[in-house]
1. Can you list residues from other chains, or at least 5 along the same chain, whose modelled amide H is less than 5 Å from the amide H of B:Lys323?
2. Between their Cα atoms, which of A:Lys137/A:Lys165; A:Lys137/A:Lys162; A:Lys273/A:Lys305; B:Lys288/B:Lys320 are more than 20 Å away from each other?
3. Just name one of A:Leu61, A:Tyr132, A:Ser93: the one whose Cα is farthest towards the positive end of the charge dipole of region A:55-180 (beta-carbon charges, Lys/Arg +1, Asp/Glu -1).
4. Other chains near A:294-305: what is the mean number of their Cβ atoms within 10 Å of each residue's Cβ?
5. Starting with the fewest neighbours, write out B:Met148, B:Met7 ranked by other beta-carbon atoms found within 10 Å of each beta-carbon.
6. Rounded, prolate or oblate: which fits region A:190-291, taking a ≥ b ≥ c as square roots of the Cα gyration tensor eigenvalues, rounded meaning a/c under 1.5, else prolate when a/b beats b/c?
7. About the Cα centre of region B:286-343, what is the dipole size in debye to 20, counting +1 per Lys and Arg Cβ and -1 per Asp and Glu Cβ, all else neutral?
8. Could you run the Karplus curve 6.51 cos²θ - 1.76 cosθ + 1.60 with θ = phi - 60° over region B:119-126 and give me ³J(HN,Hα) per residue in whole Hz, x for Gly and Pro?
Amino acid sequence: MRGQLPNKWFYNLWLSVVLILLVMYACFFSEHLSRMFEKEADTKAACSPNTNSSVDDKARLLYEQPKIIPHRTDVVFASPWLAPIVWQSSFNSILLDGIYKPMNITIATTVFALGKYVRFLKDFLGTAEIHYMVGYKVDFYIFTDSPGDVPNVTLAEGRRVKVMKVPSSNRWQDISARRMEMIQLLIENTIRGQADYIFCLDVDSKFYAHFGVEALGRLVATIHPNYWFLGRDQYTYERRPESRAYIPLGEGDFYYGGAVFGGLLEDVRAMTKTCSQNFEADTANGIEAAWQEESHLNRYFLYNKPSKLLSPEYLWMDVAGWNKEIKLVRFSGVEKNYAEIRPN
Amino acid sequence: MLGSNFMKIFSLCLTVVLLLMICYAFYFSNNIRSRFSEGSDVIETNAACSPITIPVSTHLSDVKSRTRDMLAPEGLLYTQPTVFPSRTDVVFASPWLAPIVWEGSFNIALLDSIYKPMNLTIATTVFAVGKYVAFLKDFLETAEIHYMVGYKVDYYIFTDRPGDVPNVTLAEGRRVRVMKVPSSNRWQEISARRMEMIQLLIENTIRGQADYIFCLDVDSKFHAHFGVEALGRLVATIHPSFWTLQRDQFTYERRPESRAYIPLGEGDFYYGGAVFGGLLEDVRAMTKTCSQNFEADTANGIEAAWQEESHLNRYFLYNKPSKLLSPEYLWMDVAGWNKEIKLVRFSGVEKNYAEIRPN
């Protein structure tokens, strides 16, 4: 009797525990259940061709409630002129895709792969297919002097490559400088009316993580990974007043990278045209800006504020060290063996 | 003997621990789920059929407006922008990357240097019907001190008593235009007709004459700077009473029969109807939709919980604003103190309802 009692009591206890478990988990999951049923009903309502529904323009997108209290406090999410700065956790991809996908946009994307730089195309395109504007129509424009060396990379539906043949050059600086003009002419002659946005990227890089429509905007610049924690007087702006890329000490917002910029066609056209003209004016005066087009780009963006800034997550370098603010590297320049690739 | 006692105690403790774990999981289930999904959280998306279009902007058009580029002058000196925040208590951009304007988020010298050369005109509507004319004097006087100072402002005062509009001295480039409207005994009706009147104002009067429009409640005063940092394509203001609450507690219209309906589980912020604005075309589209929806509701014998504000909230949920103003821009004198509100810029005055109702 004494031996039996603990067992019976024990089993009764376990039984009640199991029952409580079941009840509680039912409560826990009932939220899911009711949502699933709701979802079905809503799905049916939204899909049916219903012209007289009082809620016929109701979207069915569910996402976490936007917060007033920040999730991250280590970085700033808007510039002093109120352009958003895009960092990990500043945006909701599901929501943004819900907004942009129905717009059926096309994103033109330029890369310059001259001379030995063609070797970077395979990784660039391969990783772009995994991470870059996935699910959207992308037209890659590959400027190269050796079209035969452009690798055959399988692209997803709605994405294609167009090869633009350009003359060779021995100086990478020259290639870099002519980019602006070529992008301007591409917009004017080829992609106007065919694309909604354009992004101009360096080819000697790979995508490592999501790089999507959160980056889209009217005029988009990227904060260079090397200078964002420095004083503005340490930025490698062009400092000679004779150059059209000149920025005096005491002025400057950020140092922007020439490897990633973009925006609406007209706005990028205006920018590339100005930079190209200024570069040519400099050349006529026998001067070349410290970092060629990047110097001109920086001057342009100082006096024509970008409408959106991308954090250095969008323009990193494989050789760079670790920074605690960079939670995610999305696009990064690969480590290069300069002996192999220079001169072009 | 020891064994059976031990077993009893052990079972008891185990039960208690299990119960606590279950309660914890149940209570914090939302948090747990949201922490497990990285970054962009979603419970479910309706992938079965394409979501109805949420038009986000008109910026894909080729129309080049004067306000498109943000040109800053050479030689302007200001504090260097930094990636390291000076304020960490509030968020400065929405999840769709619209900036949220708080004290400390913007540099007004820089913004003025960008906007002043554009030679803008900012149309500003207020409705002062019936006894609400009493609020006009303070509204206009404080606006002259704080609101869009240095810019051209056209105040459009909708009133049924043009004779009672006070004579307030305005700065250069600023003027008042009185728009006569019919009286009403119900404030809800006045509130409801606002949307249509703003739409018609844009279509018939101010198109081509103003660049931006702001629509403000008249029973309020300006207490601090309210300037061009507030300008944007489509601007909504976060209501002071709900920004700390869960979305299911927002006073959205919850009846599916109404065109202002927002289901539980959806919603970004609760926006206030007392302050909104933007480019003319974008505000026109918004006021027109809200007005039409309000009329459709009326035809169906239903009036949304907070009239036009309910319709405004639904519109802004599915047509994301391009910029949000913090509750600094829409406060209430009767509200308590909040540590996040460093500055009250525009605030509804304490009203003696006996004096002003009915209109």
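Nothing in this text is a laboratory measurement; each read-out follows from the coordinates by a stated rule. Since this is a predicted model, take the numbers as computed values, not measurements. Here the Cβ positions follow ideal geometry from the backbone for every residue, glycine too, while neighbour counts run over all protein chains shown.
1. Placed amide hydrogens put B:Leu234, B:Ala236 under 5 Å from B:Lys323.
2. Numbers: A:Lys137/A:Lys165 23 Å; A:Lys137/A:Lys162 13 Å; A:Lys273/A:Lys305 16 Å; B:Lys288/B:Lys320 16 Å.
From A:Lys137/A:Lys165; A:Lys137/A:Lys162; A:Lys273/A:Lys305; B:Lys288/B:Lys320, over 20 Å: A:Lys137/A:Lys165.
3. A:Tyr132
4. On the way: counts 0, 0, 0, 0, 0, 1, 0, 0, 3, 8, 5, 7.
What the average comes to for A:294-305 is 2.
5. Numbers: B:Met148 23, B:Met7 15.
By the 10 Å Cβ count, ascending, the order reads B:Met7, B:Met148.
6. Numbers: a/c = 2.15, a/b = 1.30, b/c = 1.65.
Here region A:190-291 falls in the oblate category.
7. Numbers: 6 positive and 8 negative charges, 77 e Å.
The dipole of region B:286-343 has a size of about 360 debye.
8. Result, rounded to whole Hz: 6, 7, 10, 10, 6, 9, 9, 9.
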